[in-house]
1. Could you give the nm distance between label points at residue 297 and residue 283, where each point is 7 Å from its Cα heading toward the beta carbon?
2. Once the Cα atoms of helix 289-307 and of the chain are each reduced to a long axis, what angle between those two axes, in degrees from 0 to 90 to the nearest 10, is obtained?
3. Of 156, 188, 245, which has the largest mean-square fluctuation in a 10 Å C-alpha GNM of the chain?
4. How far apart, in nanometres, would the label points at residue 117 and residue 38 be if each is projected 7 angstrom from Cα along the Cα-to-Cβ direction?
5. Suppose the chain between residue 267 and residue 170 were pulled fully straight at 0.36 nm per residue; how much longer would it get relative to their current alpha carbon spacing?
6. Quick one: grab the alpha carbon gyration tensor of the stretch 70-232, order the square roots of its eigenvalues as a ≥ b ≥ c, and give me rounded if a/c is under 1.5, else prolate or oblate depending on whether a/b is larger than b/c.
7. Using only Cα atoms, figure out Rg for the chain and give it as a multiple of 2.2 N^0.38 Å.
8. Rounding to the nearest 10 and keeping the result within 0 to 90°, find how far the Cα-based axis of helix 104-116 lies from the longest principal axis of the chain.
């Protein structure tokens with residue numbers, strides 16, 4: 001019978017059986033570990049699996065073909081990959097400019113990953129109720145306008161005050177959405193607001209560092225009351241990209257695509273080559289300098305990885 005993986009925490013897996021709606025622990029047959037040894041685990045939340053029930057345990061016998069997935073290089077294993085979530089309609093990254101600060105390298109790394117795997121991405125600027133300095137407020141507004149100009153959906157909201165929550169609910173309704181962000185951006189608070197009674201653990205920021213504590217230690221899928229599902233994930237510290245060549249990277253920056261055919265050289269990496277249309281667009285302000293700097297940082301990371 002078919003089931004959906006609704007929780008993963010290392011070797012601990014839970015599935016929901018589609019025919020009964022029952023959630024139960026699951027185990028994975030050893031053959032999958034051998035076949036998928038380049039992954040930290042061959043399963044991701046959202047996977048559809050075929051199971052056999054044995055004394056209250058779902059034995060996973062087959063992993064069905066995936067519509068899509070999000071995958072990153074595992075920071076603790078240089079050559080292994082980590083499945084973040086599967087069979088998604090969209091992904092939402094929560095962003096804050098203060099308490100904690102979300103680096104643009106983190107934001108753009110997430111967006112590139114979603115572009116790579118064909119998952120529509122959006123940004124949620126959380127904690128809209130918090131007072132910000134004039135400098136931080138301007139930065140927040142500038143970032144919102146930047147990503148909207150590129151073409152990404154951007155929603156500003158406050159889980160505490162309910163501001164923007166109706167817009168967010170409309171965005172999530174009827175879809176499966178992967179939600180992530182740095183620890184402390186308000187992910188658990190948001191999901192508690194969306195799903196009354198869930199009561200995920202929340203913690204204040206660490207006073208000395210203004211960084212979040214890890215309150216989510218596993219990935220889990222939850223049903224939304226108004227239809228749709230959200231996949232809650234631990235706060236990832238970075239999105240290291242795998243399965244990508246240096247020549248491909250610029251294709252995952254939407255604002256660069258229209259300039260790629262205008263470069264003098266077909267294999268232009270947009271670093272210091274003569275006749276580069278991308279660098280010219282950056283100099284003219286048509287491509288944001290912050291995005292180009294992220295591109296260069298990611299390019300260097302990919303080149304370094306390919307040489308190892």
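1. Here the modelled spin labels are 2.4 nm apart.
2. 60
3. 245
4. Placing both labels 7 Å beyond Cα along the Cβ direction yields 1.5 nm.
5. So the chain would gain 30.7 nm between residue 267 and residue 170.
6. Rounded, since a/c falls under 1.5.
7. In units of the 2.2 N^0.38 Å rule of thumb, it is 1.05.
8. The two axes meet at around 70 degrees.
Laboratory data are not the source of any read-out in this text; all were calculated from the coordinates shown. Source: prediction; values computed, not measured. Backbone-built Cβ (ideal geometry, glycine too); neighbour counts: all protein chains shown.
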